[in-house]
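Only one structure is covered here, and it is reproduced in the block below.
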Amino acid sequence: MEEVVGWLQSGGYAAKVVTAESGKRHIVTNSHGTPFDIFTPGCEGGRCASLEFVVAFACKGKFDVSKLNEWNSEIPWCKAYYDEVNDPSLDMDIALSPGGTYESLNDQFLTWNRVLGTFIAKYDLR
């Protein structure tokens with residue numbers, strides 16, 4: 001997890017590890033002025049086989065969830081969901097194993113940033 005924070009910081013992103021009330025740790029960073037979380041499922045011995053980027057938007061239930069079907073059918077890399085009050089969220093999973101490289105991680109992070117910016121602009125989530 002600390003390596004991921006270092007990688008983000010070397011790219012000019014503010015990033016830190018936080019601990020939730022449950023005791024689970026994850027990374028908080030931001031892009032396009034929007035904070036998002038990075039979770040590390042499947043970790044063993046301090047090494048993680050994947051990353052999950054997740055962002056949630058508080059729209060106070062005023063988001064038209066029918067828009068998410070259109071999004072999910074058009075954009076293959078990041079999937080959009082909604083919560084119990086129809087607030088949207090976006091996530092992207094990145095496999096790091098076997099053979100993940102920083103070059104691949106950089107490429108996938110560029111995809112996340114591009115798609116996140118598109119999602120924010122398309123649905124006016126600023």
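Candidates in region 14-43 are the residues that are of a type in the set (Ser, Thr, Tyr) and touching a helix residue (DSSP H, G or I) at 6+ places or on another chain (Cβ under 9 Å); of these, the one that is farthest from Arg114 (Cα to Cα) is Thr40. Of the strands (runs of 3 or more DSSP E) lying entirely inside region 32-126, those containing at least 1 residues that are within 24 Å of Gln9 (Cβ to Cβ) and among the polar types (S, T, N, Q) span 34-39, 50-56. Here is the figure for region 84-104: residues that are touching a strand residue (DSSP E or B) at 6+ places or on another chain (Cβ under 9 Å) and modelled with pLDDT under 85 total 3.
Could you please find all residues in region 33-55 being closer than 18 Å to Asp83 by Cβ, surrounded by 14 or more Cβ atoms within 10 Å (Cβ to Cβ) and free of Cβ contacts under 8 Å to residues at least 40 places away in the same chain? Asp37, Phe39, Val54, listed by residue number. Residues in region 14-33 that are out of contact with any strand residue (DSSP E or B) (no Cβ under 9 Å at 6 or more places or on another chain) and hydroxyl-bearing (Ser, Thr, Tyr): Ser22 only. Within region 42-67, the residues that satisfy the criterion of being modelled with pLDDT under 85 and in contact with a strand residue (DSSP E or B) (Cβ under 6 Å, 6 or more places away or on another chain) are Gly42, Val65. Consider region 12-32 and keep the residues that are among the β-branched types (Val, Ile, Thr) and either surrounded by 11 or more Cβ atoms within 10 Å (Cβ to Cβ) or under 14 Å from the mean Cα position of the chain (by Cα) (or both). The one that is farthest from Gly46 (Cα to Cα) is Thr29. Hey, any hits in region 71-92 for a residue that's touching a helix residue (DSSP H, G or I) at 6+ places or on another chain (Cβ under 6 Å) and under 15 Å from Met1 (Cα atoms)? There is no residue in region 71-92 that is touching a helix residue (DSSP H, G or I) at 6+ places or on another chain (Cβ under 6 Å) and under 15 Å from Met1 (Cα atoms).
Would you mind stating whether Asp64 is without any contact (Cβ under 8 Å) to a residue 40 or more places away in the chain, of a type in the set (Asp, Glu), surrounded by fewer than 16 Cβ atoms within 10 Å (Cβ to Cβ) and more than 23 Å from Gly42 (Cα to Cα)?
Yes, satisfied.
The values are calculated or read from the model by the stated rules, or taken from the named source; none is laboratory data. Here the structure is a predicted model, which means the values were calculated and not measured. Cβ sites come from the backbone with ideal geometry, for glycine too, and all protein chains shown count toward neighbours.
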